[in-house]
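Each remark here refers to the structure printed beneath this line.
Read the figures in this text as sums done on the coordinates, not as results from a lab. From a predicted model like this one, the values you see are computed outputs, not experimental measurements. So basically every Cβ, Gly included, is an ideal-geometry build from the backbone, and we count neighbours across all protein chains shown.
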Amino acid sequence: MSRIKAVFDALHASGRKGLVPYITAGDPHPQYTVGLMHALVRGGADVIELGVPFSDPMADGPVIQLACERALVHGTSLWQVLEMVAEFRRTDSATPVVLMGYLNPIEARGYEEFARRARAAGVDGVLVVDLAVEEAPGIAPVFRNAGLDCIFLLAPTSSGARIRAVAEQASGYLYYVSLKGVTGAATLDVASVADKLAEIRTHTRLPLAVGFGIRDAASAAQVGRVADAVVVGSALVSQIEKHQNEPAVLPELLTRQLGALRGALDAQ
Amino acid sequence: MNDQNLPDARGHFGPYGGRFVAETLMEPLRQLEEAYNRLKNDSAFRAELDKDLAHYVGRPSPLYPAERLSRSWGGAQVYLKREDLNHTGAHKINNTVGQALLAKHLGKTRIIAETGAGQHGVASATVAARLGLKCVVFMGSDDIERQSPNVYRMKLLGAEVRPVSSGTRTLKDAMNEALRDWVTNVDDTFYIIGTVAGPHPYPMLVRDFNAVVGREVLRQSQELFARLPDALVACVGGGSNAIGLFHPLLSYETVKMYGVEAGGLGIASGQHAAPLSAGRPGVLHGNRTYIMEDENGQILGTHSISAGLDYPGVGPEHAWLKDSGRVSYVSVTDEEALAAFHELTLVEGIIPALESAHAVAYGKQLARQMKRDQALVINISGRGDKDIFTIAKREGIELLK
């Protein structure tokens, strides 16, 4: 059983909701990423989404764009991100790690080579933002065969036919984008999220994580009522941006910030 | 594979093209494709488009026999396809008129566009003004600096020009920002992509709207010299003017075709915008094509004196035509383009856009290798009025600002 499935099964059995933080690898500097990952686990992370920086993050808002730029200034590469995961795995063999990013850095290194190395490093899943299911047949099987879960996005605009097509190729969980927009957008309409999740559940039994627009304990709790897990990214990355010049304080800050969300989710 | 029948149903040109975007845009792109496939065969839509092309754009544009230039170069007979004479001064309007009609039929009330040199931004603002649609143009802050006349033109036309200061602050970043806006405002907004790149169906529909250029050249060649041209030359940034000229003639095997990329300071310098000449296949802005990237798959900054060619990708159909060998892709440097800019201006009294000057520069090399009874068509994709500040500055002349 994959580490991701095990985590969601355990959450389900205990009636708890998953908490999935996102940070960009290499932000504010590659040397801090592993420490921040452990800090997220202390704050209550069930799964970590680790961003692979890309020069042209077209689905991301300004916060994560700048995180990518900070990471790329220090030359953070795909292979380095895998080294970070391998280092994280030395002391944490339980928390699933999902790489989130764009297709080109992976294509540039070759899909087979990437999948093999990612698995060896201890990566559990891959979420490629600009890989829609239509283009996935030549790529997703390579990841799956290496033992990586393929996590796909669903959106408010996804039709029933698309939801079925996506669910067929997905494993681990599905990531529902709560709004039409980029990461870090401000508005979140919980009622419409609830409606769409209900529709998605008629097509699949995969766990549903919801992201985009979750910034604090209140919005996490609201979404937690209808989703299996909540994803929080830009709110954490904003902290990293704010304290980029005093990175020593970041682990404690992120642990506390995520802890507040954990508390709100568990209080329901 | 027949070059003229591409893309396939999923938007692929061989291994290139496709639809690599976040999930939110997949359904809107499918709807756009469906609407386009329905409307392109609709006689009322075609009549409306033809009417706009004739009476608003000013088509057909002349195929001008450049006799002095031909004599001076001493080779092939040179014909200039005068897209610079279109309304707004470039081929870009062929596409924006078509996409604006699509927007109208889809009931969208807001237009967004990305622009590099500003020509596509102006052409988008123009059609938006005419249809009473709100228009926002995304433009890299570096490009705003070097193309100020077009920025002002867009503002006069009622468009909002939004500076993009992320990344390299040029065309690619403007396109990222336009995609972000579209994903946010997808319900009421139509994204008019200005080149034959982006996710399917854009490379196909932008090509189709520009193919009027090649269709006219086919007819005008018969009228002027009673046969097909021997060679076609066009500049390639994203490649919309080139594909518009080439596509209707692809099946005529005797017609040689040359796409001219921006060689910048020279291919060897690395300071250029020539992905077909010096890049490799990758995925950018929703399609697989030749791109300029480093070994880690990060997109590289580009350099060209011409803002309209300053783009690290290229339309996927060009990637296919390069691999199939049907079209030859070459490059000329900033200096060669500048020299051609001056030469055409002085010899024929036509001030070309710096983009088009790249085609002229290669056309000169090519014409000299051709016989006097051969015909060479060069696409003058735009006029150079927008570039006079850039050129004056480079030559140390201060113009009134």
Counted charge near residue B:384, where neighbours are those whose Cβ lies closer than 11 Å (Asp, Glu -1; Lys, Arg +1) = -2
Residues with amide H under 5 Å of residue A:24's amide H, sequence separation 5 or more or different chain, H placed in the peptide plane at 1.01 Å from N; which?
-> A:51
Förster radius 56 Å - calculated FRET efficiency between residue B:51 and residue B:253, Cβ distance, rounded to 0.05 = 0.95
With a/c under 1.5 counting as rounded, go ahead and sort chain A into rounded, prolate or oblate using the C-alpha gyration tensor (a ≥ b ≥ c being the square roots of the eigenvalues; past the cut-off, prolate if a/b is larger than b/c, else oblate).
-> rounded
Between B:178, B:22, B:340, which gets the highest mean-square fluctuation from a Gaussian network model of chain B, Cα cutoff 10 Å?
-> B:22
Taking the Cα-to-Cβ direction at residue A:12 and at residue B:156 and moving 7 Å from each Cα, how far apart do the two end points lie in nm?
-> 6.5
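Can you give the helix-only mean residue ellipticity at 222 nm for chain A, where every DSSP H stretch with n ≥ 4 adds -39500 (n - 2.57) and the sum goes over all residues, rounded to the nearest 500 deg cm²/dmol?
That comes out to -14500 deg cm²/dmol.
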For chain A, what is the charge dipole size about the Cα centre, in debye to the nearest 20, if Lys and Arg each add +1 at the Cβ and Asp and Glu each add -1 at the Cβ?
-> 620
Of the cross-linked pairs B:81/B:364; B:256/B:393; B:92/B:322, which ones have a Cα-Cα span greater than 25 Å in the structure shown?
-> B:256/B:393
Cβ density ranking, 10 Å radius, fewest first, applied to B:182, A:79 yields A:79, B:182
Global form of the range A:65-146, assessed from the alpha-carbon gyration tensor, a/c cut-off 1.5 | oblate
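Within the set of other residues whose C-beta is less than 10 Å from the C-beta of residue A:3, count the net charge using Lys and Arg as +1 and Asp and Glu as -1. Walk me through the numbers before you get to the answer.
Values: positive: A:5; negative: A:124, A:149.
Net charge around residue A:3: -1.
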Rank B:293, B:114, B:355 by mean-square fluctuation in a GNM of chain B with C-alpha springs under 10 angstrom and give only the top-ranked residue.
-> B:293
Simple spin-label estimate for residue B:71/residue B:10, 7 Å along Cα→Cβ, in nm, reads 5.8
